[in-house]
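Contents: one structure, followed by commentary.
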Amino acid sequence: MAREIKRVGVVGLGMMGAGITEVVARADYDVVGVEIDEGAVAVGRGNVETSTGKAVARGKLSEADRDAIMGRITFTPRRSDLRGVDLVIEAIPERLAWKQELIADLDTILDADAIIATNTSSLSVTTIAAASEHSERVAGLHFFNPAPVQKLVEVIRTELTADETVETLGGVAARLGKTAVSCSDRAGFVTNALLFALFNAAFDLAEQGLAGYRDVDLAATAGLGFPMGPFTLCDLVGLEPTEFIAHTLFDETRDTMDAPRGTLRRLVAAGRYGRKTGQGFYDYSGDQPTPPSGTAPLTEVLDALPNATAVDASGAFEADGVPVRVIQRNGDVVYAEVTQPLAGDSAGADEVAEALRGLGLPVVAAPVSVIDDLTLGYLNDAATMVQSGYATANDVDVAMRLGCAMPAGPCEIAESRGFEAVVAKLDDLHRRTGQPRHVPVLLLRDLAAAGATAFPR
Ligand code: CAA
């Protein structure tokens, strides 16, 4: 039976912890927010005040409700103030030893049946839980950045977790207005395991000189409809946590496809941690360029180009012998890719790209399809998860839609592109990269061979 939760503790009031505190207090729970000292408490309180203040300024929260939310939170530097709470969510930095010390200490403070949830992104929940003498009441409860916005939480069950703990956390997630996806304890769980491979695909495009940061981000936003491109998202999450999570994933899989890339490691070494320090992949000190976001009917696009051939089902055609691919949404072209040779004469490709830019369209000119390079490995990874039974196609899609605000999950993307086309493109990608992770997984091949249009759901 699920335990009734009335008072909640949150330990660690950094970006994630403060967001979680806000979310929990908004759901009418009394919250005890704990930091290591008075200075850190003041910063944590400031984080929650700023966020709720913005909600008031945007007219989304009344001043009275904001005051009520702040009134439900007790900020304190003393862990002992957690005595009597029913649930503690820990959101301290990703250091295993710190988390284990905290969990063991909570044994001395909390009732033996109080629940402890860790918001770790990538550390082993099992190893953290094992530090408690009551490890059956410990599980993962993983929020996404910004916690008040993203609708997903992952509930991670270890070998040691009791059913009651998982049920209780599912109930808490529902009261917080979040959708819970349950999974077992693998590095990166569902969302980060998929997202970080996608980040690495983006880093590879840049490191191999195939596309710049802004082009990759444009392909992700205009071409794929993601709310932000991978480089912008890494800057938001912070490059230190990004590098840390990448290391943890790599430690578990030992697959070079998961290894933290040099670009990321060098920026962290240089102290460019992303948006919070004003510089990461991008420099946030001045005005930010507005990316093109025009649209145009397909007929207008074809009319603007010399000698355009017929457009196939994937949006591909040629203009004066230059390969072009367009993405259409609601009947209009919203993004175009032009194949631009790495060596040799690129004048023809430049001309086609300019003509498309002249229509106000987002255009990426590169030697490869940036949207394909970004997504094919991601689709294969998602299908691998489904094939192994780690997550269902539904859970994978919900995780990416609600955790990262993507318009569609990877299984849905594979279905809309058609399994046969995805398998053929993965085979092409594998011929170029030689990476075993790009060999289409058996489930995709079987779905293609069977002429299926959807994953079993
Ligand atoms: N707190 C509360 N609300 C916030 C907020 C915050 N910090 N930031 C944005 N919002 C709200 C805004 O109020 C706004 O709400 P309305 O639309 O109702 O007015 C909405 O979110 C959109 O905000 P903005 O218009 O200011 O900005 P935007 O449209 O550019 O969206 C974004 C910003 C919400 C971050 C959006 O781009 C997004 O969802 N990006 C994807 C983020 C993502 O993938 N997160 C997961 C990262 S992985 C992770 O977190 C796991 C891990 O372990 C590392």
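Pick from region 382-428 the residues that are of a type in the set (Asp, Glu) and over 17 Å from Ser184 (Cβ atoms): which of them is nearest to the ligand (Cβ to nearest atom)? Walk me through it before giving the result.
Quick first cut of region 382-428, residues of a type in the set (Asp, Glu) only: 395, 397, 412, 415, 420, 427-428.
Subset that is over 17 Å from Ser184 (Cβ atoms): 397, 412, 415, 420, 427-428.
On the way: Asp397: 15, Glu412: 17, Glu415: 22, Glu420: 30, Asp427: 30, Asp428: 28 Å.
Restricting to residues being of a type in the set (Asp, Glu) and over 17 Å from Ser184 (Cβ atoms), the top hit is Asp397.
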Check your understanding: What pairs can you find where one residue is in region 386-398 and without any contact (Cβ under 8 Å) to a residue 24 or more places away in the chain, the other is among the acidic types (Asp, Glu), and their Cβ atoms are less than 9 Å apart, with a gap of 6+ or different chains?
Key -> Asp397/Glu412
Check your understanding: If Ala112 passes every condition in (1) in contact with a Leu (Cβ under 9 Å, 6 or more places away or on another chain); (2) open to solvent by 10 Å² or more (accessible area, probe 1.4 Å); (3) away from the ligand (no atom under 16 Å from the Cβ) but one, which one does it miss?
Key -> (1)
Revision key, fill the gap. Restricting attention to region 30-59, the residues that are part of a loop (DSSP other than H, G, I, E, B) and either near the ligand (Cβ under 9 Å from one of its atoms) or surrounded by fewer than 24 Cβ atoms within 10 Å (Cβ to Cβ) (or both) number exactly 4
Check your understanding: If you take just the helices (runs of 4 or more DSSP H) that sit entirely in region 211-292, which of them hold at least 2 residues that are within 11 Å of the ligand (Cβ to nearest atom) and either β-branched (Val, Ile, Thr) or open to solvent by 10 Å² or more (accessible area, probe 1.4 Å) (or both)?
Key -> 230-237, 239-253
Exercise for review: State whether the residues of region 297-318 include one that is of a type in the set (Val, Ile, Thr), open to solvent by 20 Å² or more (accessible area, probe 1.4 Å) and closer than 22 Å to Ala211 by Cα.
Suggested key: no
Practice item. Please list, ordered by first then second residue, the pairs with beta carbon atoms under 6 Å, 6 or more apart or interchain, first in region 224-244 and within 11 Å of Phe199 (Cβ to Cβ) and in contact (Cβ under 8 Å) with a residue 60 or more places away in the chain, second within 11 Å of the ligand (Cβ to nearest atom) and open to solvent by 10 Å² or more (accessible area, probe 1.4 Å). Key: Val237/Asn145
Check your understanding: among the aliphatic types (A, V, I, L, M) and more than 32 Å from the chain's Cα centre (by Cα): does that describe Ile89?
Key -> no
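Select from region 156-185 the residues that are in a loop (DSSP other than H, G, I, E, B) and either open to solvent by less than 20 Å² (accessible area, probe 1.4 Å) or more than 11 Å from Ala139 (Cα to Cα) (or both) and list them in ascending order. Can you show your working first?
Start the filter on region 156-185 by keeping residues that are in a loop (DSSP other than H, G, I, E, B), which leaves 158-162, 176-178, 185.
Across region 156-185, the qualifying residues are Thr158, Thr161, Leu176, Gly177, Lys178.
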Point to revise | Residue satisfying condition, being β-branched (Val, Ile, Thr), open to solvent by 30 Å² or more (accessible area, probe 1.4 Å) and more than 23 Å from the chain's Cα centre (by Cα), within set Val439, Val423, Val363 | key: Val439
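Can you confirm whether Gly294 is modelled with pLDDT under 95 and over 21 Å from the mean Cα position of the chain (by Cα)?
Values: modelled with pLDDT under 95: no; over 21 Å from the mean Cα position of the chain (by Cα): yes.
It is false that Gly294 is modelled with pLDDT under 95 and over 21 Å from the mean Cα position of the chain (by Cα).
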Study note, to complete from the structure: Taking first residues from region 6-27 that are farther than 22 Å from Ile109 by Cβ and away from the ligand (no atom under 14 Å from the Cβ) and second residues anywhere that are open to solvent by 10 Å² or more (accessible area, probe 1.4 Å) and not aliphatic (A, V, I, L, M), the pairs with Cβ under 9 Å that are 6 or more apart or on different chains are Ala27/Arg175; Ala27/Gly177
Review point. So which residues in region 60-75 are more than 12 Å from the ligand (Cβ to nearest atom) and open to solvent by 60 Å² or more (accessible area, probe 1.4 Å), if there are any at all?
Key: Glu63, Ala64, Asp65, Asp67, Gly71, Thr74
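The values are calculated or read from the model by the stated rules, or taken from the named source; none is laboratory data. Model, not experiment: these values are computed from the prediction. All Cβ positions, even for glycine, are placed from backbone atoms using ideal geometry, and neighbour counts span all protein chains on display. Ligands, DNA and RNA are excluded from the accessible area calculation, which covers all protein heavy atoms including side chains. Shrake-Rupley method; radii C 1.70, N 1.55, O 1.52, S 1.80 Å.
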